[in-house]
Amino acid sequence: MHSALDLELLAHGSESSPSLLFLHDLDYLNHTRYPFVESLGETWRVLLPSHPGFGNSPLPDHFDSIDDLAYFYLDMLEDMGPVHLMGAGFGGWIAAEVAVRCTHLIRSLVLVDALGVKIGSRTTTDIKDMFVVSPRELLELCWHDVELGQHEMPLPLPDRDEDTLVQLLTGRRTVALMGWNPFLHDPKLLRRLRRIDRPTLVVWGASDRLVSPAYGRAYAAAIPGAQFTEIAAAGHYPYLEQPTTFVDVVESFLSGVV
């Protein structure tokens, strides 16, 4: 638990292994049960915080923007020491905001189907609005295998138990507070990505219809030296749909980081 905010922080792997900090996406229940965490935990000390305002991590009254989350994690890294930083979706946006501010405690950066930038014109929809579609439509946007998604994706449906439903709805409320206007992006972030000076991998699901692979390629192109890898038969959550391939891609990248 992080002392400043009593942060919910789970860990997997040996304490003697290098640290890999994973920042989760917006529809979130802790990922410790997922195969990709177990596999990465064989090599790395995988750290899985619940962002402030998610899970059992309280949201301070003064937090109202993505900046607050970025600076929170920068402070956390000062306490934790150097890490390999990985962010997925909404967590990828946070990771990118952290990295454009300061990289001295980041060994490498992995962005997975990340949100946070504006690629097209003012009238172009870069990020589909997942808050206004039906659960089925959301599954079709986010998953290559919709039936698998129906089983795996934590949706805030009426048949959920009360504690789970409260956690999911609280997380969505936090996302709305932090990133509703403008919708799930920082208009300045794309130009600031050039500041990232650490080895960077951008991973994307080929079937992601929430944020397309073209969006991912533009994200990667804005980061000096970034690698881009597309994972077939995967949507917005390649680490859940294709965990073996995902881990292979990440391990291959990290093994080359000095």
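Considering only Leu184, Ala226, Leu240, the residue lying farthest towards the positive end of the dipole of the chain is Ala226, judged by Cα position with unit charges set on Cβ. The spacing between region 97-142 and region 56-75, judged by their C-alpha centroids, is 18 Å. Once whole DSSP H runs in the chain are found, which of them have Cα atoms spread over 24 Å or more along the helix axis and a mean Kyte-Doolittle score of at least 0.0? Within the chain the helices that satisfy the rule are 162-179. The residue list Leu148, Val100, Ser255 was ranked by how far each Cα lies along the charge dipole of the chain toward its positive end, using unit charges on Cβ atoms, and Val100 comes out on top. Taking a sphere under 13 Å around the Cβ of Glu42 and counting the other residues whose Cβ falls inside, with K and R at +1 and D and E at -1, yields a net charge of -2.
Taking Cβ atoms as reference points and 13 Å as the exclusive limit, the residues near Asn56 contribute a net charge of -3, counting Lys and Arg as +1 and Asp and Glu as -1. Rounded to the nearest 20, the Cβ-based charge dipole of the chain about its Cα centre (Lys and Arg +1, Asp and Glu -1) stands at 1140 debye.
Coordinate-derived values only; no laboratory data. Bear in mind the structure is a predicted one, so any value in this text is a computation, not a measurement. Every residue, glycine among them, receives a Cβ derived from its backbone with ideal geometry; neighbour counts consider all protein chains shown.
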